[in-house]
1. Springs between alpha-carbon atoms under 10 Å, Gaussian network over the chain: tell me which of T158, T178, T329 tops the mean-square fluctuations.
2. Cα to Cα, under 19 Å, and not fewer than 8 places away if on the same chain: which aspartates and glutamates meet these conditions relative to K98?
3. Run the accessible area of the chain with a 1.4 Å probe and give the carbon-and-sulfur part as a rounded percent.
4. Measure up K116/K170; K160/K232; K116/K180; K167/K232; K167/K216; K216/K265 against 21 Å on the Cα-Cα distance and list the ones that go over.
5. Please report Rg over Rh for the range 118-235, where both radii come from the alpha carbon positions and Rh follows the Kirkwood definition.
6. When the gyration tensor of the range 185-224 is built from Cα positions, what are the square roots of 5 times its three eigenvalues, in whole Å, from largest to smallest?
7. Mind pulling the angle between the C-alpha long axis of helix 208-227 and the longest principal axis of the chain? Nearest 10 degrees, somewhere in 0 to 90.
8. Using a basic spin-label model with each label point 7 Å from the Cα along Cα→Cβ, how many nm lie between L140 and E402?
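The values are calculated or read from the model by the stated rules, or taken from the named source; none is laboratory data. Small disclaimer: the values here were computed from a predicted structure and weren't measured. Cβ placement follows ideal geometry from the backbone for every residue including glycine, while neighbour counts extend to all protein chains displayed. Heavy atoms of the whole protein, side chains included, go into the accessibility calculation; ligands, DNA and RNA do not. Shrake-Rupley method; radii C 1.70, N 1.55, O 1.52, S 1.80 Å.
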Amino acid sequence: MQAFTYLHGLLHVERVSLEALAHEYGTPLYIYSQTHLRQRYDALVTAMADVSPLICYSVKANSNRAVIDTFRQQGAGVDIVSGGELFRALRARVDPSKIVFAGVGKTREDIEYALKERILFFTVESEQEALRISDCAEELNLPARVAFRVNPDVDAKTHKYVSTGKKENKFGMDIERTAKVCEMAAGLPHIDIVGLQMHIGSQILTAEPFAEALQKLQPLCRQLAAAHSSFKYIDIGGGIGIQYEPEHQALAPTAFADAVLPALKDLGLQVIMEPGRYLVGNAGALVCRVQYVKDNAFKRFIIADAGMNDLLRPALYQSYHEVLPVRRTEERVFADLVGPICESGDFLAQERELPDVEQDDLLAVMSAGAYGASMSSTYNSRPRPPEVMVDGDKANIIRERESWDDLVRNEA
Ligand SMILES: Cc1ncc(COP(=O)(O)O)c(C=O)c1O
């Protein structure tokens, strides 16, 4: 299902008009389709049905409680990378036995919190981290389940900032080192070695890198499964790419499944997946209102009330988001869509054919459900936008717009 479609010339999310939502909640405004979230989840579960994976939604993609709760109701756990994400997940009533904790820089405080909550496992990314987890577990007299993150050194053919499985990236450990650290960790008190994990990057559009990485992990996986009775899980991370540009193809869950299922079935371990973007990316849009249109000698600037503080991806990764007029028009103009922030990097679309809009028109920046609101900031002292989730013809506010008071609340 397409979450966003035109009905009577107006862009709708499910059965609700974006114009009506912008009128009610103001702009800029994040809007999500809950039906789309559920359908994406179901499609992945169906494609991977042969191995009945535990889907641990990657909270960093969109950490709103209502989004986490939507997936929890479908049976999902979560992938977290901080104590703050653990706090959010628990508030959304996620079962701790379905929580996996990744990240290269876990603090003692993070580890102790997660141990006390009895999460499923930590993904260990270094020898020192294994020692620290063991130390914390000993102090609290609690068991620590760990899965080691392997960096398989494969090229995921994605933007260099979201490639995480090449040897020059900070994530995980190479296979030889993982084997050594496992050996060392096996002798540590309170540590149970429960699995291996990989996450080779994000927005990956072909299935081959996943298959290649898995192939590299297989021998060590077998070796560890034979050596440790506690070894049960193979966690294959997230990274499934979505469609941002109309002429680009997303990686279909079925194509992904075809590539990874043979190896996973062969291993016979419990499979864990950590999708983020795939589940939420296309479900969301950022709606903004045009403030000014100005021409200089070279080009036109459409200046909106949303900027890089609301949606950082274009500035950070030069990423493409489709821009649609909320009131349908076929007229196009070559322009930049920019925000009000005092940075030349503050653009949402650059040197593109964009809807030929006028002052006060509404635009929708599409596929903004992942790494949109969760990466937003208050830079230039701009309160963060509200978020609305639509289910059929019902719209619920799931995060209020921040106020100017919120901006200064913690300052002395
Ligand atoms: C460990 C881990 N798992 C899962 C994800 C989710 O990735 P994606 O949103 O591409 O599915 C990330 C993203 O950075 C990650 O670091």
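1. Of the options given, T329 has the highest mean-square fluctuation.
2. D42, D69, D79, E85, D110, E112, E117, D192, D235, E274
3. Of the solvent-accessible surface of the chain, carbon and sulfur hold 47 percent.
4. Details: K116/K170 28 Å; K160/K232 32 Å; K116/K180 28 Å; K167/K232 26 Å; K167/K216 13 Å; K216/K265 15 Å.
Over 21 Å apart, Cα to Cα: K116/K170; K160/K232; K116/K180; K167/K232.
5. Rg divided by Rh gives 0.99.
6. Equivalent ellipsoid semi-axes, largest first: 27, 13, 5 Å.
7. 30
8. Modelled inter-label distance: 2.9 nm.
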